[in-house]
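Here's the structure we're looking at; comments come further down.
Nothing in this text is a laboratory measurement; each read-out follows from the coordinates by a stated rule. Not measured: the values here are computed from a predicted model. Methodologically, a virtual Cβ is constructed for each residue, glycine included, from the backbone with ideal geometry; neighbour enumeration extends over all protein chains shown.
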Amino acid sequence: MGTESPISEGFRRAFREPAITLAEVAWRWTFGLAALAVAIGSLFAYLDTVTVSNAEVLVLRGHSSWLIADAIGRVLHDGSGPLRAAAIVLPAIFVLWMAAATIGRAATLKALLRREERVALRPQLGLNFLRASVTLASLVGYLGAAILAGRAASGDADVRPGVFLLVFVVLGTAVTIVRSRVNWFLSLGAIPAARDGRDTLAAIGEAVGLFRRHARKFAGAGAAFGTIHGVLFAFCTVGCLLVLSLAGKVPPVATVFLLTGITLAYFAVVDFLYIARLATYVAIDESDRTPPVAVAYEPPPALEPPMPTLPPVAKPGLPSPEGATS
């Protein structure tokens, strides 16, 4: 890799090997379509359990927004319950994500690490199980933050929305920070798990040690990719708002087509950035494993001793200089 920075190496690998990005897009979008199908199927299955009376139909056909909202609430309450549906859908989505992420990450890391043999799936499955558990725990944490914020905001006479917002933002931010840090180390642990076949706990320990040795490089990579992602999100948001502003001037099909195209393009570029970032982490890991090049020591050349000066020799038949002066 020479003196090239890890970030430059990551982008170079992502540009020169687009098959890795296509593999990332394939497994992520496959999971997304499968999760969407499960969610839509469960929604229709739930709606089949809902019964609507004739009186509720008349209310829904009316023009009173309050009566319509009340009728919808009673209709949904009479069904099997959204909590029961969520209890079935969420575990199914988590299982789908673990399977897709394990196979997809093993394929992308095999290409990034240039391995000939297969990548062990068990450590990747363990890491992804922990990531799914952390995500589920964070959802529970957000729910708990909302409950605590509601209790803090509820007073004897009225509800204080400012207190609710403050408490929920503080607790929600804490949950987000903890989740992102733990999830980041689990993602980084996939590299030693794929390279050396480490088990789940050993891979996490290896990731922590790698971060401690190269904290500055990881911080620089995170800042660079985070900035690029933020700028990309801002551009896509502006693009979607411009399309929505033209909703009344263009056909609805064109509006949906443009919004779908912008969203898919955003997801594709995000997947490309993720592969570039993963390649950057691989470059940092390779630099950590590469021993420093030993420089051969060459001693300085030996200085030749000065030639001794000999006293002048007198010629035969002539007095020496010392005798002449004496």
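Tabulated results
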item: Zero-based 5 Å bins, Cα pair distances in the stretch 120-198, whole percents; result: 3, 16, 19, 15, 11, 10, 8, 7, 5, 3, 2, 1, 0
item: Contour excess over end-to-end distance, with Cα ends at L232 and L143 and 0.36 nm allotted per residue; result: 29.1 nm
item: Gyration tensor (alpha-carbon) shape descriptor, the stretch 220-286, a/c threshold 1.5; result: oblate
item: Stretchable slack from L22 to A34, in nm (0.36 nm times residue separation minus alpha-carbon distance); result: 2.5 nm
item: Summed residue charge, Cβ within 13 Å of F168's Cβ, Lys/Arg positive, Asp/Glu negative; result: +2
item: Ascending count of other beta-carbon atoms within 10 Å, so fewest first, for R13, R213; result: R213, R13
item: Among A87, W97, P123 the positive-end extreme of the charge dipole of the stretch 85-133 (Cβ point charges); result: P123
